[in-house]
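Here is the structure we will look at, set down as structure tokens.
The values are calculated or read from the model by the stated rules, or taken from the named source; none is laboratory data. Note that this is a predicted model, so its numbers are computed, not measured. Every residue, glycine among them, receives a Cβ derived from its backbone with ideal geometry; neighbour counts consider all protein chains shown.
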Amino acid sequence: MRPLPPELARIAREELNETPERITQDLVILRTWIYQQRYLHARISADFLIAFLRRCRYSLEETKKRIDDFFTFITRFPEISALRRVNAKMLTINRLVLPELPRCSDHAAIMITRVGCCPKRYHMREIMACNIMGMEVFALENDNAAIAGVCQIFDMSNLTIEHTAQLDGGLFRKWWYWMSECCPLRINVTYCLNAPKKMQKWLGLLKTVCHKMNPTNQIYMIKSLDELYQYIPRKCLPEEYGGSNDEVNYGTAEQLRPGEIMPFEAEFGAEGSFRQLIVD
């Protein structure tokens with residue numbers, strides 16, 4: 001298990017009931033239980049199981065149920081969950097739909113999903129499938145998301161009636177069920193941003209349905225970025241949403257490096273190739 005920064009370790013201990021000395025025992029219990037369920041074909045890696053333990057605040061019974069629901073969903077709703085092959089189309093959707101995850105001031109990860117992609121090119125179930133896969137990856141690799149939870153922003157710019165027509169057959173309800181009952185991450189709050197006026201009444205009905213399915217996930221309809229800043233500090237958002245919380249700020253200041261500075265081209269060649277290896 002990756003070592004946690006002190007503040008995340010404190011949150012995990014105080015809010016998630018995480019006791020490092022007990023984790024190995026909990027993993028043994030979960031793996032034994034999985035082996036005993038003949039119908040259940042589940043992953044048993046430590047990172048995967050710990051993500052669910054954290055989501056359920058280390059309640060073993062709740063963790064077992066969520067793992068069961070997680071894999072049952074994959075089997076029962078293949079129209080969403082079967083789209084798990086990472087191909088060129090999925091990578092394109094990922095770049096369009098999921099920008100980098102910045103962090104909020106309470107250490108929660110901010111997940112922005114752009115649902116208004118071109119409906120003629122990407123079906124809503126493909127966007128949902130990409131969102132689900134992203135959540136799984138974040139649960140395994142992003143400690144802020146796994147421990148402090150996720151602040152979710154749905155950017156509904158360019159959302160059209162054509163998009164909503166793709167949500168027939170209970171597709172939205174299935175996706176929301178996955179978020180509330182199967183997802184290995186805790187969704188702290190959801191903000192629906194830039195919803196077109198003609199869609200707001202429909203979204204209001206969806207908000208009522210979603211609240212009944214998961215009352216703990218607060219949903220807010222946000223009309224503009226200025227209104228969003230009242231809930232999330234501007235500095236916590238990525239640059240494209242008016243903030244400054246972006247990985248582009250990280251790198252090296254070569255002018256401050258001590259000692260002789262070696263030109264990058266001298267190390268790899270003028271065109272980026274490796275130096276020639278001469279063997280006697």
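Numbers for the structure displayed
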item	result
Qualifying residue in segment 210-226 (condition: basic (Lys, Arg) and modelled with pLDDT under 85)	yes
Condition check for GLY116: among the small types (Gly, Ala, Ser), modelled with pLDDT of 80 or more and either assigned by TED's automatic domain parsing to the domain that holds GLU15 or surrounded by 19 or more Cβ atoms within 10 Å (Cβ to Cβ) (or both)	no
Selection count, segment 13-37, where residues are of a type in the set (A, V, I, L, M, F, W, C) and assigned to a loop (DSSP other than H, G, I, E, B)	1
Those residues of segment 48-79 which are hydroxyl-bearing (Ser, Thr, Tyr) and at pLDDT below 95, in sequence order	THR72, THR75
Test: residue in segment 38-56 that is touching a Cys at 6+ places or on another chain (Cβ under 8 Å) and assigned to a helix (DSSP H, G or I)	yes
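Okay, residues lined up against (1) buried (at least 17 other Cβ atoms within 10 Å of the Cβ); (2) of a type outside the set (Ser, Thr, Tyr):
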| residue | (1), (2) |
| --- | --- |
| MET1 | no, yes |
| PRO5 | no, yes |
| GLU21 | no, yes |
| ILE34 | yes, yes |
| TYR39 | no, no |
| ARG57 | no, yes |
| LEU60 | no, yes |
| ILE67 | yes, yes |
